[in-house]
Structures are given as structure tokens and as C-alpha cells.
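Asks: Can you read through this structure? Questions will come right after.
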Amino acid sequence: MCGIVGYIGHKEKKEILLDGLQELEYRGYDSAGIAIIEDGTLKHFKEIGKLENLRQKTKSYTSNGFGVAIGHTRWATHGKPTELNAHPHLGEYSFIIHNGIIENYQEIKNELTAEGVQFVSQTDTEVIVHSFENENHTAKTPFEAFTNTVKKLEGAYATLLVTKAAPNTIFFAKSRSPMLIGFDGDDVYFASSDSPVIGKANEVYYLEDGEYGYAKSGEVKLFDANGERKISKQALATDKVLAQKDGYRFFMEKEIYEQSRVMSETMMGRVLDSGIDFDEFDKSLFDGIYAIKICACGTSYHSALAASYLFERIAKMRCDIEIASEFRYKEPFLTDKTLFITVSQSGETADTLEALKMAKRAGLKSLSICNVDNSSIVRESDAAILTRAGIEKGVASTKAFATQAMVLWMLSLYIGQLRNTIPKDKIEIEIDAMLHTPKALVVEDKLHERIHRLSKRYLHGHGFFFIGRDIFYPLALEGALKLKEISYLHAEGYPAGEMKHGPIALADSELFTIALMPKTLLYDKMKSNVEELSARDATILAISPETFELADDFIQTKHANHPMVEFFEMMVVTQLLALEISVRLGNDVDMPRNLAKSVTVE
Ligand code: F6R
């Protein structure tokens, strides 16, 4: 997710910007840039990759005296992560940085192009700076030009503009993307969240949607649709880690809550009204392909296993899933008619990387689904789809899993379109369900509170069975993994129909069964499996839109019209359950014992 910083004052500006951007690194980015105006001179630097690259590029530059400065880390959405697409974007004499998406950018771009304006990047952001300079030809003041520009924008934006037309000023506007203003005497700061300004500013104002204005030496003017507004400053927190958590107790909790938003990013530009489109590769990647093999570990293996149902059902393509550490030594039979897909959050998992290298040696084409651009697995693959979950700090994966499952679902539909295995009306149903997913991922206070209350009953006993069928079986595996990772309690995931072939022998009142009972998929079959367990006195926690009288505890989910929408809603329930049980047990859920975020050893 992009990050914004800004500063106006006498201090050395380059370090303020670079330090501020460093604090926003946790959001994830693939390029960075800064622009500074000092003594009427405009300076700017941009680099792709890590901030260290930008530090190296700006090594011999320092800025002294009064000036204005803006900096940005970019997480690519419109256009690839290149230096040209990195912010700040230049007009003729102004620079812009922006977080969010300008939904009507194409319309504005067409108008400006017709007037002879040249665009150099593929971003939506560039329209803001050209629009401003275009308005500035006729406006009485640069602020009037900026106001007219902001009025044209539709979508989400937190944006800062600096211009030689008003060299002591930073113009700002905010709608649906976070931004704050920090104050320290006459020094003014801007940032996407608290952490870049902690230790620098002592008071802060969190901008509201629709607010815009300008900051000039020591003076900040704020406006909204009703005219000028008073700025009600508040004291700033002093703990950086706390600030990065945005008020949540744990990064894992924050990441569970973020899932709804990041899912929209995952779909952006890929889920279209007419079907699925991936910019990242050419459809010839699938020429001559008759089967898919997916290799992954842990949570990523679970998203792959869920996808195997979708590839066969939607794309009508044979799909095998392998645990990477098993695959490596089984002397697998591989043919070049198989597309080899790896799924990895970090892109550095040793077993998955080695499996990929083996498949490449055997002549297979490869595609990776990954959250980290330029990671080893991405670099090693013929093509990659980034999941766009943003950096995940909690060791127990949540939003990375959710976005992997979404990308794989999209890919199954893409292949179905390509192979004509899915009729048009079915494509529409799938697209509609995808677009409903962000809503299904919203964590309602009522739900979280209920899970918090229920969790106290599940701190003892001799173990948990998470059970489900079809795509809810991999979700059961994932629910169990989440719980054992952070609570250290024993938990297993099982296909519900398999219980009677052995595991049901364990059933008693001290065995907790978490039953995933979606209404849109095999509900009656699942119900019979749970009845069998209930008859043997197992304690049942049912998660379902349908009340279930045999359940000891019940968490009601919403009725949906697609299994994947139910999948995502139930996923949130299992994540929160693991979190709340573990918090009650006094565990550090962000750093569970014995686990690492990136497993680069065999
Ligand atoms: C569990 C978890 C792990 C990883 C596994 C593979 O919460 O995160 O099971 O999924 O170590 O890692 P990646 O996805 O980075 O290849």
C-alpha cells in the first residue's frame, strides 16, 4: 500500500522524508521518490525497489534553509513498478504524490490529451498534476487551480502537490485514503499514518473525507464543501509500534480487519464486468497446457488445495496439489503439458523455490502467486501474479491467505474463459460473487464480540477438530493451523465425510468440533456428518447461516448466494476464534513460539 510523507519548514528535508518513508515500509511498496522545492528550485529523485536504493541515489544531496518537501512509496496498481510510474509525478513546474485510485482518470486524461498535454506514466495519478497546471492557466491563484482540480476527482485519494507557482506551499486533499497533518511550532508534517511523525510533531489533525487546503510557513488553511473549517488538533501518541498497529492489539488483528480493503486491491483491474483479465502475462502461457500442478507449503498449500476444487469445477482442468517438501523427493513424473504453479506469501520459502527449480529443469512452464515482488520465487517463474495484500507482519498468515485464495479463484475463471468451459451467464455469477467478497470480509463489532465471549469456553479440552467438505475442507485445515500456531492447542482439520473412517473414535465432550456448515454447498451432507459426532457427545461449535439445533455453540454467518462468499466469511470467523482463544491464553499472537515469517531453510 502506498505511503505519503510531507514537510514544510527549515529542517534538513531529505532525511525527514526518507525516515518518514522508512516508517511506512511495513505497508509494502515497490518504488519510492521525493521532491523538494528550496529557494524556488525544484529537485526530485525516484528509484525502484527498496528505499536503500533511493538513499544511495540521494547520498550527495542535502537541503538547507526553508523549503517544502514531499515523499512517496508506491505499491503498483495502475502500471508496472518502474521509475517512470513512481511518484512524485511532474507536470511542467509542479509535483504530485497520491495514494488511492482516481476512478475517472481516463476521462480526465482524454480531455487533457485532446488539449495537447503529454503523459509519460501509466498511472492514474499523473492526471492530477496536469489538471492542476491546466487550471492554473486561468485561475486567479494556484489554490483556486488546486480546488478546481480536486473538485474533478472521483475515487479515493490522499494527495500532496508542490509547485513553483507557489514555492512555499504544500496543497493537500483527502477522500477515502488516510492522511494526517502533524504540527510542531511553525513546522508542518503530512503522513499516511502516525508513525512517520512520531517524535517530530507533537500535535496532529486527522483529515476527514472531502477536506482539502494548503500549508504555508506556519499557517494551515482547511476547507470542505461548506467553506473554511477550523482545525481541531489533538495530542500525538508516542509509541511507534502502537501507531503502526492503528489501535489494534496485534498486527494479526489489524490484518484480519484489513482483508476487506486489500481484497479490493487484489481484484483491481483484474475483475472486469466482462470477465477476468491479467496484465501480468500473455494468454499464450496456457498454450498446450492440459493440467495444472500447484506446489506450496503451510497456509499457502491450503489456498492451493481450495483452488484445486475450483480449477476442476470451473476451468475443467486437471489440477494436482503437492506439499513442496514432499514433492521434492518423490521423483515426480512431470510433463511439459502441465503448468507448474507455486503459491507463496513470502516468495522465499526454500522448499517451494526448490520445487519450482525442479519443475523448470523438467521443462515445465511456471507461474507464481506471491505477495512479494522481486522475491526469489517471482524472479524464478516465467510469470507472476502479485496478491497485493500489503506487508503481513503477523507470523500467522491471514490476509495473505485470503488474497491467494482470491487470485486462484480468479485464475480458475480466467482459464475457464480461455477454454470456453464456462458459459457467459456463469461468468457473470462468478464475477458478481467476487465483487461481493470485500463485504463478506468486513468484521462486524457484533461478530467479534460474540467470538470473544465464546472463546472462554475453548481454553481446555483435549483438542479441536475443524471439519468441512469441498472447499471448506481446506478452510478447515487452515482454521486448525491458525489455532495451533498461536494458541499451542492441538487442532486438526478433517474432511467431514472422513470422520467416520477413524477419527470419530476420539469423539467425546472434551473434543471440540468446529463445523463449517455453508448453506450453498453440501449442507445436508455436512449436517449428517455433524449429527454423527453429536450423537457421540462431541462438543459442537457450528458456523453456519442456518441455525442448527444440535450445536452446543453457534456462530451465525450471513446467507450468501455463492460458496466462495461463504468461504471468506467463515475464514474470518476461524481467524478471530484462533486470535481470541490465544489472547485469553496470554500468548503473543504476532510472534508465536518456534515460528518464522519466512522459512528459507529446508
Ligand atoms: C502459517 C504460515 C505458514 C506459511 C508457510 C509457507 O500461518 O504462514 O504456514 O504459509 O511457511 O510460506 P510462504 O507462503 O511464504 O511460502
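Asks: Find the centroid of the Cα atoms in the stretch 255-326 and in the stretch 159-204, then give the distance between the two in whole Å.
Replies: 39
Asks: Would you calculate the separation in nanometres between label points at Arg536 and Arg361, each defined as 7 Å from the Cα along the Cα-to-beta-carbon direction?
Replies: It works out to 4.5 nm between the two label points.
Asks: For the chain, what is the relative contact order in percent, using Cα pairs closer than 8 Å and at least 6 residues apart in sequence?
Replies: On the way: 1319 pairs, mean separation 62.3, N = 602.
Reported as a whole number, the value is 10 percent.
Asks: Tell me the chymotrypsin sites (Phe, Trp or Tyr not before Pro) within the stretch 319-374 that lie in a loop according to DSSP and have at most 13 other beta-carbon atoms within 10 Å.
Replies: Numbers: sites: Phe327, Tyr329, Phe333, Phe340; in loops: Tyr329, Phe333.
Answer in residue order: Tyr329, Phe333.
Asks: If you don't mind, another one. Are there DSSP H segments in the chain that both extend 27 Å or more along their axis (alpha-carbon positions) and score a mean Kyte-Doolittle hydropathy of at least 0.5? List them, or say none.
Replies: Working: long enough: 399-418 (28 Å, 1.05); 563-584 (31 Å, 1.10).
Span-like helices in the chain: 399-418, 563-584.
Asks: Quick check on the exposure proxy: order Asp187, Asp524 from fewest to most C-beta atoms within 10 angstrom. Could the numbers behind the result be given before it?
Replies: On the way: Asp187 17, Asp524 7.
Least to most surrounded, the residues fall as Asp524, Asp187.
Asks: Give the aspartates and glutamates reachable from Lys200 as a straight Cα distance under 20 Å; neighbours fewer than 8 places away on the same chain don't count.
Replies: Partners found: Glu12, Glu15, Asp19, Glu23, Glu25, Asp184, Asp186, Asp187, Glu219, Asp239, Asp246.
Asks: State which entries of Lys59/Lys245; Lys293/Lys357; Lys43/Lys151 exceed 21 angstrom in Cα-Cα distance in the structure shown. Please report the intermediate quantities before stating the final value.
Replies: Values: Lys59/Lys245 31 Å; Lys293/Lys357 14 Å; Lys43/Lys151 28 Å.
Going by Cα-Cα distance, Lys59/Lys245; Lys43/Lys151 fall outside the 21 Å limit.
Asks: Would you list which aspartates and glutamates come within 18 Å of Lys316, measuring only between C-alpha atoms, while excluding same-chain residues fewer than 8 positions from it?
Replies: Within the straight-line cut-off, Lys316 pairs with Asp287, Asp425, Glu428, Glu430, Asp470.
Asks: Fully extended, how many nm does the chain gain between Lys500 and Tyr488 (0.36 nm per residue separation, minus their Cα-Cα distance)? Mind dumping the intermediate values first?
Replies: Numbers: separation 12, 0.36 × 12 = 4.32 nm, distance 2.63 nm.
Full-extension gain reported as 1.7 nm.
Asks: Give the calculated FRET efficiency between Asn202 and Arg229 to the nearest 0.05, with a Förster radius of 22 Å applied to their Cβ-Cβ distance.
Replies: It comes to 0.55.
Asks: Need one number: nm distance between label points at Lys221 and Tyr248, each 7 Å from Cα along Cα→Cβ, rounded to one decimal.
Replies: 3.9
Asks: Just to verify a number: FRET efficiency for Asp432 and Asp508, C-beta to C-beta distance, R0 = 60 Å, to 0.05? Working shown, then result.
Replies: Numbers: r = 44 Å, r/R0 = 0.73.
Here the calculated transfer efficiency is 0.85.
Asks: To continue, here is another question. With a point put 7 Å past each Cα toward its Cβ, work out how far Glu312 is from Arg176 in nm, to one decimal.
Replies: Label at Glu312, label at Arg176, 4.0 nm between them.
Asks: In the structure displayed, which of Lys254/Lys283; Lys393/Lys558; Lys439/Lys527 lie more than 32 Å apart, Cα to Cα? Let's see the in-between values first.
Replies: Working: Lys254/Lys283 36 Å; Lys393/Lys558 29 Å; Lys439/Lys527 27 Å.
From the list (Lys254/Lys283; Lys393/Lys558; Lys439/Lys527), the Cα-Cα distance tops 32 Å for Lys254/Lys283.
Asks: If contacts are Cα pairs under 8 angstrom and at least 6 residues apart, what is the relative contact order of the stretch 445-584 in percent? It would help to have the intermediate numbers written out before the result.
Replies: Working: 252 pairs, mean separation 39.7, N = 140.
The normalised contact order for the stretch 445-584 reaches 28 percent.
Asks: Which FRET efficiency value, to the nearest 0.05, do you get for Leu84 and Gln106 by plugging their Cβ-Cβ distance into 1/(1 + (r/R0)^6) with R0 = 22 Å? Before the final figure, lay out the partial values.
Replies: Values: r = 18 Å, r/R0 = 0.83.
Using R0 = 22 Å, I get an efficiency of 0.75.
Asks: Neighbour counts of other C-beta atoms within 10 Å: give me Ile37, Ile101, Ile415 arranged from fewest to most.
Replies: Values: Ile37 28, Ile101 20, Ile415 24.
Fewest-to-most Cβ neighbours within 10 Å comes out as Ile101, Ile415, Ile37.
Asks: Return the long-range amide H neighbours of Arg318 (sequence gap of 5 or more, or a different chain), with a cut-off of under 5 Å between placed amide H atoms.
Replies: The answer is Ile292.
Asks: Now, a different point. Compute the Cα gyration tensor for the stretch 1-102, then decide on rounded, prolate or oblate, letting a ≥ b ≥ c be the square roots of its eigenvalues: rounded whenever a/c is under 1.5, prolate when a/b is larger than b/c in the other cases, and oblate in all that remain. Working shown, then result.
Replies: Numbers: a/c = 1.73, a/b = 1.42, b/c = 1.22.
It comes out prolate by the Cα gyration axes.
Asks: Subtracting the Cα-Cα distance from 0.36 nm times the residue separation, let me have the gained length for Thr113 to Asp273 in nm, one decimal. Let's see the in-between values first.
Replies: Numbers: separation 160, 0.36 × 160 = 57.60 nm, distance 2.64 nm.
Result for the pair: 55.0 nm of gain on full extension.
Asks: Still on this structure, I have one more. Please list the radius of gyration and Dmax for the chain, considering alpha-carbon atoms only, with Å as the unit.
Replies: When restricted to the Cα atoms of the chain, Rg and Dmax are 25.8, 82 Å.
Asks: Where a ≥ b ≥ c are the square roots of the eigenvalues of the C-alpha gyration tensor, would you call the stretch 3-244 rounded, which needs a/c under 1.5, or, failing that, prolate if a/b is larger than b/c, or oblate? Don't skip to the end; give the middle numbers.
Replies: Working: a/c = 1.39, a/b = 1.15, b/c = 1.21.
It is rounded, given that a/c, with a ≥ b ≥ c, falls under 1.5.
Asks: Mind listing the phi-derived Karplus ³J(HN,Hα) values for the stretch 232-240, rounded to whole Hz, using 6.51, -1.76 and 1.60 with θ = phi - 60°, and x for any glycine or proline?
Replies: Rounded to whole hertz, the list is 9, 6, 9, 5, 9, 4, 10, 9, 5.
Asks: Figure the gain on full extension for Ser528 and Ser60 (residue separation times 0.36 nm, minus the Cα-Cα span) and round it to one decimal in nm. Walk me through the intermediate numbers first.
Replies: Values: separation 468, 0.36 × 468 = 168.48 nm, distance 7.16 nm.
My answer for the length gained is 161.3 nm.
Asks: Arranged by the count of other C-beta atoms within 10 angstrom, fewest first, what order do Ser60, Ser397 take? Don't jump to the answer; show the numbers that get you there.
Replies: Details: Ser60 5, Ser397 27.
Least crowded to most crowded, the residues run Ser60, Ser397.
Values quoted throughout were computed directly from the atomic coordinates according to the rules given, and no laboratory measurement underlies them. All values derive from a computational prediction rather than experimental measurement. Every residue, glycine as well, gets a Cβ built from its backbone with ideal geometry; the counts of neighbours run over all protein chains shown.
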